[in-house]
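J.: A single structure is presented below for examination.
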Amino acid sequence: MTVTYSRRVADARLGTFYCLLLRWKGSIYKLLYRELLIFTVMYGTISITYRCILTEEQRRMFEKLSVYCDQYAQLIPLSFVLGFYVTLVVSRWWGQYESIPWPDRLSALVSGHVRGADEGARLIRRSLMRYANLSGILIYRSVSTAAYKRFPTMSHLVQAGLMTAEELRQLEELPSPHNKFWVPCMWFVSLAMRARSEGRINNDVAMTAILNELNTLRSQCMRLYGYDWISLPLVYTQVVTVAVYSYFLTCLIGRQFLDPTQGYPGHNLDFYLPVFTLLQFFFYVVWLKVAEQLINPFGEDDDDFETNWLVDRNLQVSLLSVDEMYDLVPLVERDKYWDESEPQPPYTAASAEHRKPSFMGSALDISVPKEEMEFQHNLEQIKEHEEANHSTPFLGSLSRILGVQSPNFSRPTPTSRVSLLRRRPRAPFSRFPLYLHPENSPMPSHARNADIEDAFSSMPLYERPGFYSCPQTPIHCVPPSIPHQHEFSSRLRVLSSPLNTARSEPGNVAVTSNSNTYLCNNT
């Protein structure tokens, strides 16, 4: 039976786990006392032989052997090998628990979708759930020694009422040498199809839901069968076992207390019982014993799964769900909180201290000064604050730590950004980006100011300075040279006359706009 102690450790208080140390069933003492007793007796025998039986020359040889064993025993990677092995075994153990078939969901679907209060409908519902449970029992007989001892032959299943004699005859006549746990699932499918054809299952959606849940239960049975078939590699289990026991066989000689007068390093004291060696044996061997118990949880150890209890529970619950509880609904009446919008269930005196207010969020109790609660509509001023904080990160962090507010920056004049952000003359905003320009721009100041004001007024909000999702990095530091308007017009007039002959010259491209055709030089 699985040892449960969850109630004992519900509250972590002084002495909670000390009480668990006194339990015997499923404890470390019950698991290890034989090996620990054997190790102690062997260590004492070697110690008595060294102290009382060996001659002086033989003692010196034994002491050299002990120092050698103690020196080279540390080369065995015991912690790494054993830790990885136990981790693998625990993962496999929990996976086997999650593969246990529970028919509760299937019984709810059968009870809800297989309609009818007559004896035929009741027989169909009970037979469906009996088939589902029979499939799990056949798997338990295959993987669990406890379940096999309960049902050693198939005739015991007939005597227990889990299957009929006709069903046993069909199962035995089926020409298959493999495990036949899947046969009751096929009986389930055939009977469900008959119920659908008779109209006891109303629609195909309900039929699909029942069959999907049956396939889930069958998959769980198959996983249990696979876990029993595919074990951990035997060589890995052998390596871990040999590593643990060879290490402590070496410790029987290497951890002996030698004569202090010989001056061996680490042998200044002389004791008869190696306390810390016994603790090390206690920890490592128990670790290995845990893996031995969990590698197959369908045995008869203290912490193995109770398969016989699973058989009893699943059969009773599933048959109750589809038979006695079919269409069984208590009297529907108004609840106690019918006229209350905020129901408050009462607390007892023992649970009143656990009543807590509703959690609304950890940031909802932040205090913000009233002058900082107003929305800021000046995006350029907000950007100036950000630039100041980025330019002096240490001062910004220091001011936040000391609680000093950032200085209020005045709004810059329209000409403060004119020398830095400017588009190329006559260029559309959707096509050309803004470029950095030097202060000595060849454009007149009044034209440049008017152009920039027009540029910023027609620019979309997300392209304006101060409103961006990432820093606006210009593509070029210096803009490319663009000819003035009169130079560009003169080129077009010169190139438009000899259009037919100039098309063949290399480097010229014909440009067509609506009905006019022009020839432009690529350079």
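J.: Given labels modelled 7 Å from the Cα in the Cβ direction, how far is it in nm from K356 to T55?
T.: 7.7
J.: Run the accessible area of the range 103-229 with a 1.4 Å probe and give the carbon-and-sulfur part as a rounded percent.
T.: Carbon with sulfur: 54 percent of the solvent-accessible area.
J.: Keeping every protein chain in place, order Y68, Y18, Y337 by accessible area at 1.4 Å, biggest value first, i.e. largest first. Walk me through the numbers before you get to the answer.
T.: Values: Y68 125, Y18 155, Y337 65 Å².
Ranked list, largest accessible area first: Y18, Y68, Y337.
J.: Report the FRET efficiency, 1/(1 + (r/R0)^6), for D104 and V286, where r is their Cβ-Cβ distance and R0 is 35 Å, rounded to 0.05.
T.: With a Förster radius of 35 Å, E is 0.45.
J.: Ok, one more. Bin width 5 Å, origin at 0, all Cα-Cα pairs of the range 103-229: what percent of pairs per bin?
T.: 2, 10, 20, 22, 19, 14, 8, 4, 1
J.: Can you spot the aspartates and glutamates whose alpha carbon is less than 14 Å from K383's alpha carbon? Ignore those fewer than 8 places along the same chain.
T.: Those aspartates and glutamates meeting the cut-off are E463.
J.: Let me ask you something else. What whole number of Å gives the distance from the Cα centroid of the range 305-384 to the Cα centroid of the range 124-150?
T.: 38
J.: Multiply the residue separation of Q316 and Q74 by 0.36 nm, subtract the distance between their alpha-carbon atoms, and state the gained length in nm to one decimal.
T.: 81.5 nm
J.: Please give the residues of the range 100-132, grouped as numeric ranges, whose backbone N is less than 19 Å from a label point set 7 Å along the Cα-to-Cβ vector of D204.
T.: 113-114
J.: Return the subset of K64/K289; K25/K289; K180/K289; K336/K356 for which the Cα-Cα distance in this structure is over 26 Å, preserving the input order.
T.: Result: K64/K289; K180/K289 exceed 26 Å.
J.: Give me the accessible area per residue for the range 103-229, probe 1.4 Å, as a whole number in Å². Display every interim value, and only then the final one.
T.: Values: 6370 Å² over 127 residues.
I get 50 Å² per residue for this part.
J.: Stretch V41-L88 to full length: gain in nm at 0.36 nm per residue minus the Cα-Cα span?
T.: Details: separation 47, 0.36 × 47 = 16.92 nm, distance 3.29 nm.
This chain segment gains 13.6 nm when fully extended.
J.: Between beta-carbons, use under 11 Å as the cut-off and find the net charge around V189, counting Lys and Arg +1, Asp and Glu -1. Write out the running numbers ahead of the final one.
T.: Values: positive: R194, R196, R218; negative: none.
Summing Lys and Arg as +1 and Asp and Glu as -1 gives +3.
J.: Here's a follow-up. Sort K25, K64, K289, K336 by heavy-atom solvent-accessible area, probe 1.4 angstrom, most to least.
T.: K336, K64, K25, K289
J.: What is the local net charge at E172, summed over the other residues whose Cβ is closer than 12 Å to its Cβ (Lys, Arg +1; Asp, Glu -1)?
T.: On the way: positive: R169, K180; negative: E166, E167, E173.
So the environment of E172 carries a net charge of -1.
J.: Evaluate the distance, in nm, between pseudo-label points positioned 7 Å from the Cα of K370 and of L249 along their respective Cα→Cβ axes.
T.: Taking the two extended label points, one gets 8.6 nm.
J.: Moving to a separate point now. For V114, enumerate residues with amide H under 5 Å from its amide H, sequence gap 5+ or separate chain, H modeled in the peptide plane.
T.: Placed amide hydrogens put nothing under 5 Å from V114.
J.: Contour minus end-to-end for F17 and I48, with contour as 0.36 nm per residue of separation and end-to-end as the Cα-Cα distance?
T.: Details: separation 31, 0.36 × 31 = 11.16 nm, distance 3.81 nm.
Full extension of this stretch gives 7.3 nm more.
J.: Further question: So what J values fall out for the range 126-139 if you push phi through Karplus, 6.51 cos²θ - 1.76 cosθ + 1.60 with θ = phi - 60°, rounded to Hz, Gly and Pro as x?
T.: Along the range 126-139, the couplings run 5, 5, 4, 6, 5, 5, 5, 5, 5, 4, x, 5, 5, 6 Hz.
J.: Whole-Hz Karplus ³J(HN,Hα) for the range 272-280, in order, using 6.51 cos²θ - 1.76 cosθ + 1.60 and θ = phi - 60°, x for Gly and Pro?
T.: So the J values, rounded to whole Hz, are 9, 10, x, 5, 6, 5, 5, 5, 5.
J.: Taking the Cβ of R115 as the center, what net charge do the other residues with Cβ under 12 Å away carry, scoring Lys and Arg +1 and Asp and Glu -1? If you can, show how the numbers build up before the last one.
T.: On the way: positive: R122, R125, R196, R200; negative: D118, E198, D327.
Within the 12 Å Cβ shell, the charges total +1.
J.: So how far apart, in nm, are the two label points at R169 and R122 if each is 7 Å from Cα heading toward Cβ?
T.: 2.7
J.: Sort F39, F80, F257 by heavy-atom solvent-accessible area, probe 1.4 angstrom, most to least.
T.: These residues rank, largest area first, as F80, F257, F39.
The values are calculated or read from the model by the stated rules, or taken from the named source; none is laboratory data. Given the structure is predicted, the values throughout are model-derived calculations rather than measurements. Ideal geometry is used to build each Cβ from the backbone, glycine not excepted, and the neighbour counts take in all protein chains shown. Side chains included, ligands, DNA and RNA excluded: accessible areas come from the protein's heavy atoms. Shrake-Rupley method; radii C 1.70, N 1.55, O 1.52, S 1.80 Å.
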